[in-house]
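One structure is given here, and the rest of the page talks about it.
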Amino acid sequence: DTQDITIPAIGAGPEYEGLNIWLPALAIEAARRGEAIIEGKTYRNCVIEGPAVLLPLGACNFDGCNMGDAQGAIRNLLLQPMGPQRVTGTIAFKDCQFINCQFMRVGFTGTPEFLAQVQQVLTGGAVQ
């Protein structure tokens, strides 16, 4: 016996509050609107779920967020790009605000500066 899974539409925003957001669905909705990058949105008190890899661009801020279960080391949440220009398979966010959100099964990638900053902030400056 099989059942279809129905996922409610998340919407175009630009403000999201108190929602459970499945990142693959959010990315598909944006693509159907012709948006290659999710830009200028604010997520407040949301649970943001993967599996997914988030690529922040521009001035994305993560304020008071739980970045997820690092399974022992913060670096487990971070993925370093191997190519000089692009990262394939990510969900790109540009100039977005994440306020008091909880991330579940989400990895993060970006510039070396971004990855170092995230690691420093989450470890209080300690190397893990």
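Restricting to the range 53-73, count the residues that are open to solvent by less than 30 Å² (accessible area, probe 1.4 Å) and either at positive phi or of a type in the set (Lys, Arg) (or both).
At the first step, the residues of the range 53-73 found to be open to solvent by less than 30 Å² (accessible area, probe 1.4 Å) are 54-56, 60, 65, 67-68, 70, 73.
Checking which are either at positive phi or of a type in the set (Lys, Arg) (or both) leaves us with 68.
Within the range 53-73, residues that are open to solvent by less than 30 Å² (accessible area, probe 1.4 Å) and either at positive phi or of a type in the set (Lys, Arg) (or both) number 1.
Residue under question is Cys96, and the condition is that it be touching a Cys at 6+ places or on another chain (Cβ under 7 Å), modelled with pLDDT under 95 and of a type outside the set (Gly, Ala, Ser); does it hold?
The answer is no for Cys96.
Restricting attention to the range 74-110, and to residues there that are of a type outside the set (Lys, Arg) and without any contact (Cβ under 8 Å) to a residue 24 or more places away in the chain, which single residue is least open to solvent (accessible area, probe 1.4 Å)?
Ranking the candidates gives Gly83 first.
Just to check your reading of the model, which residue among Leu115, Leu122 is more than 15 Å from Leu23 (Cβ to Cβ), open to solvent by 40 Å² or more (accessible area, probe 1.4 Å) and not in a loop (DSSP other than H, G, I, E, B)? Can you show your working first?
Numbers: Leu115 fails: open to solvent by 40 Å² or more (accessible area, probe 1.4 Å).
Just one listed residue meets the conditions, Leu122.
Looking only at the range 8-19, decide whether some residue is open to solvent by less than 20 Å² (accessible area, probe 1.4 Å), part of a strand (DSSP E or B), closer than 25 Å to Arg86 by Cα and modelled with pLDDT of 90 or more.
no
Return the residues of the range 25-46 that are in contact with a Gly (Cβ under 9 Å, 6 or more places away or on another chain), open to solvent by 30 Å² or more (accessible area, probe 1.4 Å) and outside any loop (DSSP other than H, G, I, E, B); say none if nothing qualifies.
Within the range 25-46, Glu29, Glu39, Arg44 meet the criteria.
For the range 89-128, which positions are within 21 Å of Ile37 (Cα to Cα) and over 15 Å from the mean Cα position of the chain (by Cα)?
Pro112, Glu113
The values are calculated or read from the model by the stated rules, or taken from the named source; none is laboratory data. This one's a predicted model, so the numbers in the text were calculated from it and none came from an experiment. Please note: Cβ atoms are built from the backbone with ideal geometry, for glycine as well, and neighbour counts cover all protein chains shown. Quick note on the areas: whole protein, heavy atoms, side chains included, nothing else; ligands and nucleic acids left out. Shrake-Rupley method; radii C 1.70, N 1.55, O 1.52, S 1.80 Å.
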